[in-house]
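Readers should treat all values here as calculations from the given coordinates under stated rules, not as data from a laboratory. For clarity, every value in this text was computed on a predicted model and none was experimentally measured. Cβ coordinates were reconstructed from backbone atoms using ideal geometry, including for glycine residues, and neighbour counts include every protein chain displayed.
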Amino acid sequence: MKRNVHIVPHMHWDREWYFSTEESRILLVNNMEEIIDMLENNPNYPYYVMDGQTAILEDYLAVKPEYRERITKLVQENRLIIGPWYTQTDEMVVGGESVLRNLLYGIKDCDEFGDHMKIGYLPDSFGQSSQMPQILNGFDIRYSMFWRGCSERKGSNKTEFKWKSDDGSEVLAQILPLGYAIGKYLPTEENALRTRMDKYLPVLDRGATTENIILPNGHDQMPVQKNIFEVIDKLKECYPERQFFLSRYENIFKELENNENLDSIKGEFLDGKYMRVHRSIFSTRMDIKAANARIESKITNILEPLASIAYSLGFEYHHGLIELIWKEIMKNHAHDSIGCCCSDKVHKEIMNRFFLAEEK
């Protein structure tokens, strides 16, 4: 039986890192228009995954509001895959309520366009919380996909398993054992293509529990690979024993659902054997970490309880204002941002968002 290689076009979008949000927005405007053009004009290019976060749509539409209808059409056709998060949240530094609200507001944003991806997709978060299955199940999400923190020392040498929280919540987990960027800028020259794929394919095969493996075709701020069809033709020529085709992550999970012999694992994932989990950033820039904890506490322990009491007494509950506050700090909850592994100018912007959130 031929092994299926699901090539998934996507981009991983760091809103800020060593560059600012406004610098990345310049690239975003160009990339989004290439993505939309590729999907609209190439029926054989079926899907594109928008990194599991809606904040990038918000960033783009602030510049190009006239494209909303075109984006909505592609989302409703299940070709532009969005959500379920608002930002690519950190799981280990921010509070549990912040992770939950990230999903809540991300899905709310997706509802304005169509549907959301039913996967707890966090391809670059620096470690995975043990309670993530419980949080995902609360939003009727039964699948999880991530990269960092996993190895056979956690109880399985496979990249697909059942992941359980202490309360019994469970998701079907798919690990990206070599990360989300192994299919970036795939070459069409045979020797270069073989050199890369001969390193990747054995690792992907070894961890798979079905005849299906994933080749993510994307990278940080990477534009659409316009010659992907030429690449696929060359892959078929080089590896005739395999089937290569454009796909989406959900298609892999459909195959995994039929596997009844998956390992079951509980707990968090912070193992750095095969990939960095950046434990040191949990304590960097303590002024930023302290500001985040202070504002999270103000929202959840003071503002929202008081607003609820006032509502019970006949006052208006200002959902929109509270959502603005949450979104302001959730922009800071992206893994790089709250991890404080950014440039000085970005850290100034992060502190300014916390200032704005507290002022609101």
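Spatial offset of region 5-28 relative to region 147-176 amounts to 27 Å, using the alpha carbon center of each.
Within the same chain, lysines fewer than 8 places from Lys289 are excluded, and of the rest, those with a Cα less than 19 Å from its Cα are Lys298, Lys327, Lys331, Lys345, Lys348. Residues in region 93-101 carry Karplus couplings, in order, of 9, 7, x, x, 5, 5, 5, 4, 5 Hz; the curve used is 6.51 cos²θ - 1.76 cosθ + 1.60 with θ = phi - 60°, and Gly or Pro positions show x.
In percent, rounded to a whole number, the relative contact order of region 1-81 is 35, using alpha-carbon pairs under 8 Å and six or more apart. Shape of region 1-99 from its Cα gyration tensor (a ≥ b ≥ c, root eigenvalues): rounded if a/c is under 1.5, otherwise prolate when a/b > b/c, or oblate? Oblate, because a/c is 1.5 or more while a/b does not exceed b/c. For region 253-269, 3J(HN,Hα) computed residue by residue from phi via the Karplus equation (6.51, -1.76, 1.60; θ = phi - 60°) reads 5, 4, 6, 5, 4, 7, 8, 8, 10, 7, 5, 10, 10, 10, x, 7, 10 Hz, glycine and proline entered as x.
Cross-linked pairs Lys158/Lys266; Lys118/Lys226; Lys2/Lys234; Lys164/Lys273: Cα-Cα separations exceed 19 Å for Lys118/Lys226; Lys164/Lys273.
Projecting the Cα atoms of Ile182, Asn44, Gly83 onto the charge dipole of the chain, computed from C-beta unit charges around the Cα centre, puts Ile182 farthest toward the positive end. Around the amide H of Leu215, modelled in the peptide plane, lie the amide H atoms of His6, Ile7, Val8, all under 5 Å away and 5 or more residues distant in sequence or on another chain. Aspartates and glutamates near Lys73 by alpha-carbon distance under 17 Å, same-chain residues fewer than 8 away left out - which ones? Straight-distance partners of Lys73: Glu33, Glu34, Asp37, Glu40, Glu58, Asp109, Asp111, Glu112, Asp115. For the peptides 295-307, 82-94, the ranking by packing is 82-94, 295-307, with the highest mean count of neighbouring Cβ atoms within 10 Å listed first. Dipole check for region 229-358: with +1 at the C-beta of Lys and Arg, -1 at the C-beta of Asp and Glu, and the Cα centre as origin, the magnitude is about 560 Debye. Each of Thr159, His333, Pro305 was scored by the projection of its Cα onto the charge dipole of the chain, and the greatest displacement toward the positive side belongs to Thr159; charges sit on the C-beta of Lys, Arg, Asp and Glu. The sum of -39500 (n - 2.57) across all DSSP H runs of n ≥ 4, divided by the residue count of the chain, sets its helix-only mean residue ellipticity at 222 nm to -13000 deg cm²/dmol.
Can you list the residues, at least 5 places off or on another chain, whose amide H is less than 5 Å from the amide H of Tyr121, using H built in the peptide plane? The list, which skips near neighbours in sequence, is Met145.
Annotation for region 47-97 versus region 275-305: alpha-carbon center distance of 24 Å. Taking the Cα centre of the chain as reference, the dipole from Cβ charges on Lys and Arg (+1) and Asp and Glu (-1) amounts to some 840 debye.
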